[in-house]
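Chemist: Okay, here's the structure, questions in a sec.
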Amino acid sequence: MQVVCDTRVVKRLCFVVFILWVGPVLVPVGGHSLLIAQTRSPHDGAYRGYLAIRVLENGDHEEIASQNADRLFVPASVLKVVTVAAALEHLGPGYRWSTRLMSASVVTDGVLDGDLVVLPGGDPTWSQTPGGASTYEPLAALARQARTAGLTRVRGDLVVDTSAFPGRRHPTDRSYGDLSYRYGTPTAALAVDEATVTIRVAPGAVAGQPATVRAPHDMDVINHTMTVGRAHHGAGTLDFIPVWGTDSLLLRGEYPISEAPFVVSVSDPVPERRAAGHLLSALAGAGVIVEGVVRPQPWPYAGTRRMIAVAEVQSRPLEEILERILTHSHNWYADMLTLALAREVDGSGRFEDGVSVISDFVSGLTPDTLAESPARVWLQDGSGLSSSNLVTPATIVRVLAYVRTQSWGDTLVRALAGPGQGTLAAWPAVPPVAAKTGTLRHTVALAGFLDAGEETPVIFCYFVNHHPTQRRAARSLIASTLAGWSDAMRRRLP
């Protein structure tokens with residue numbers, strides 16, 4: 001059975017890759033010559049671009065290899081390197097997201113005669129603890145603080161202020177096929193479990209019945225599925241469609257009776273409301289009773305002196321979650337980091353303004369950083385999921401060269417994947433690297449530091465767009481090219 005939950009899936013095709021050796025070529029760079037193994041790309045119609053430079057001991061750079069380095073490519077998740085670099089530049093490795101409970105009136109004898117207000121900070125880290133524990137520690141911490149402050153009863157509602165992050169929460173070109181699932185879920189001001197809910201699905205007892213669906217108790221499932229016979233084994237499809245702004249999830253499609261149950265993480269259509277519901281339960285568990293309901297709305301007193309602090313929690317520092325973005329390539333964290341830049345740097349809290357902050361960071365890099373290759377970038381998000389993102393290999397190398405010169409640079413490099421780690425585990429053997437992968441429909445990419453432990457590493461970026469065959473063909477080509485660069489550096493001519 002095929003579940004329609006990842007538009008990046010491509011058909012399996014047979015392929016043969018021929019790499020034709022055309023002999024060593026002497027390339028003069030920086031007053032030296034390097035022995036570079038040149039290969040001719042297979043005639044597969046793919047569009048390739050790469051740049052590799054070596055950092056010299058005096059801080060200068062010398063070019064190792066280049067092809068279409070100043071042409072625009074779809075970067076896929078390699079873009080996350082740029083987003084993280086912009087965040088470390090503007091926010092610093094120690095940045096923490098803050099979430100506060102506030103009131104507009106004084107608590108008297110344990111009673112708040114009014115609403116208890118959540119001022120969300122867009123914290124992406126609220127998830128169930130390892131092992132599937134049923135509580136969320138930040139929510140529990142807020143509840144404990146409220147009780148310690150003397151609060152026992154709220155006469156009004158639990159209000160979630162929605163004014164800090166206005167506007168669209170995702171790029172305009174992100175399809176519903178992406179938005180519905182964990183890898184593409186929109187950003188949220190307040191959310192648990194990366195703004196997703198867990199859905200368990202199984203075929204009905206007999207053909208003709210709807211599929212069996214288990215969802216959170218407060219979610220309305222509109223089940224338009226049908227169980228079909230064994231003849232459809234391997235050919236069934238299910239669509240999961242959140243009805244945004246409601247507690248509803250639409251399911252449609254066919255489920256072969258011969259296929260096993262499965263579990264899928266689907267985007268939450270009302271993440272702020274669901275997270276606030278968990279907080280409501282945590283407050284009750286701590287001895288704080290809220291008489292009203294959860295009510296997301298703009299709060300008119302946000303940021304004014306009329307607000308009285310009740311509780312506050314902060315996330316772990318940014319540097320401690322970068323591995324999720326760079327090694328494991330979580331789109332949610334990268335886009336939420338974009339939202340943080342929109343609020344903290346631009347001041348608007350609008351997703352598109354966070355994207356502009358990232359673009360401006362790239363465009364504003366110091367002129368002496370690969371000045372011969374001006375930065376070129378066209379962005380729609382911070383995660384790289386959008387196929388409308390465009391950037392040149394030289395621009396990515398420019399960013400990585402800048403990273404090495406910054407006090408926070410080691411923080412970023414440590415969060416990159418090494419051979420066999422994170423998303424690099426799906427790649428063929430590569431030489432020692434600290435790198436970020438990129439995979440998106442017909443895009444395969446890799447960028448980072450080759451021989452990263454050396455004093456003078458090679459900084460590289462390699463994009464392959466529109467590759468028509470299996471991804472491992474493009475990955476193998478990039479891996480073999482890196483090996484060639486690494487060997488050439490070791491055989492460097494005097």
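Chemist: Counting each pair of different Cα atoms once, what's the Kirkwood radius of segment 98-314 in Å, rounded to one decimal?
Modeler: In segment 98-314 this quantity evaluates to 18.9 Å.
Chemist: For segment 98-314, with only Lys/Arg (+1) and Asp/Glu (-1) charged at the beta-carbon, what is the dipole magnitude about the Cα centre, in debye rounded to 20?
Modeler: Magnitude of the dipole: close to 140 debye.
Chemist: So between H466 and R404, what do we pick up on full extension, going 0.36 nm a residue minus the alpha carbon distance?
Modeler: Full-extension gain reported as 19.2 nm.
Chemist: Taking the Cβ of H232 as the centre, find all other residues whose Cβ is under 13 Å away and add up their charges (Lys, Arg: +1; Asp, Glu: -1).
Modeler: With Lys, Arg at +1 and Asp, Glu at -1, the net is -1.
Chemist: Which helices, taking whole DSSP H runs in the chain, have alpha carbons extending 24 angstrom or more along the helix axis plus mean Kyte-Doolittle at least -0.5?
Modeler: Length and hydropathy pass: 471-490.
Chemist: If each residue of separation counts as 0.36 nm, what is the full-extension length gain between A231 and R155 once their alpha-carbon separation is subtracted?
Modeler: Gain on extension, A231 to R155, equals 21.5 nm.
Chemist: If I model a spin label at R306 and A429 as a point 7 Å from the Cα along the Cα→Cβ vector, what separation in nanometres do I get?
Modeler: Reported label-point gap for R306 and A429 is 6.9 nm.
Chemist: Here's another thing I want to ask about it. As a test of the formula, what do you get for the chain when each DSSP H run with n ≥ 4 contributes -39,500 (n - 2.57) and the sum is divided by the residue count, at 222 nm and rounded to the nearest 500 deg cm²/dmol?
Modeler: It lands at -7000 deg cm²/dmol.
Chemist: Can you tell me which of 377-383, 461-467, 480-486, 94-100 comes out highest on packing, and rank the rest after it, using the mean Cβ neighbours within 10 Å? Before the final figure, lay out each step's value.
Modeler: Details: 377-383: 23.7, 461-467: 25.4, 480-486: 19.7, 94-100: 17.7.
For the peptides 377-383, 461-467, 480-486, 94-100, the packing ranking is 461-467, 377-383, 480-486, 94-100.
Chemist: Using θ = phi - 60° and the Karplus curve 6.51 cos²θ - 1.76 cosθ + 1.60, what whole-Hz ³J(HN,Hα) does each residue of segment 61-77 get, with Gly and Pro shown as x?
Modeler: Values per residue, Gly and Pro as x: 10, 10, 7, 9, 7, 7, 8, 6, 5, 10, 9, 7, 10, 6, x, 6, 6 Hz.
Chemist: Under the rule of at least 5 residues apart or a separate chain, name every residue whose amide H is placed under 5 Å from the amide H of T212.
Modeler: The answer is A202, G204.
Chemist: Could you please state, rounded to a whole Å, how far the C-alpha centre of segment 198-234 is from the C-alpha centre of segment 135-175?
Modeler: Between the Cα centres of segment 198-234 and segment 135-175 lies a distance of 33 Å.
Chemist: Ordered by residue, what ³J(HN,Hα) values in Hz, to whole numbers, does segment 189-202 give under the Karplus form 6.51 cos²θ - 1.76 cosθ + 1.60, where θ = phi - 60° and Gly and Pro are x?
Modeler: 5, 9, 7, 10, 6, 6, 6, 10, 10, 8, 10, 10, 10, 9
Chemist: Looking at P317, V81, V243, which one has the Cα that reaches farthest to the positive end of the dipole of the chain (charges on Cβ: Lys, Arg +1; Asp, Glu -1)?
Modeler: V243
Chemist: Hey, can you rank 270-278, 434-442, 166-174 by average C-beta count inside 10 Å, highest first?
Modeler: Going from most to least packed, we get 434-442, 270-278, 166-174.
Chemist: Could you list which residues have their amide H under 5 Å from that of T196, counting only those 5 or more apart in sequence or on another chain, with H placed in the peptide plane?
Modeler: Hits under the 5 Å cutoff: D268.
Chemist: Tell me the label only: which of (i) 60, 32, 20; (ii) 45, 31, 17; (iii) 36, 24, 22 is semi-axes √(5λ) of the Cα gyration tensor in Å as calculated from this structure?
Modeler: Correct label is (ii).
Chemist: Let me ask something else. Return the whole-Å distance between the Cα centroid of segment 371-436 and the Cα centroid of segment 101-118.
Modeler: 47 Å
Chemist: Then there's this: Would you grab the residues whose amide H sits under 5 Å from the one on V430? Only those 5+ places off in sequence or on another chain, please, with H modelled 1.01 Å from N.
Modeler: Result for V430 returns nothing.
Read-outs: derived from the displayed coordinates by stated rules, not from any lab. Fair warning: this is a prediction, and the values are worked out from it, not measured in the lab. Every residue, glycine among them, receives a Cβ derived from its backbone with ideal geometry; neighbour counts consider all protein chains shown.
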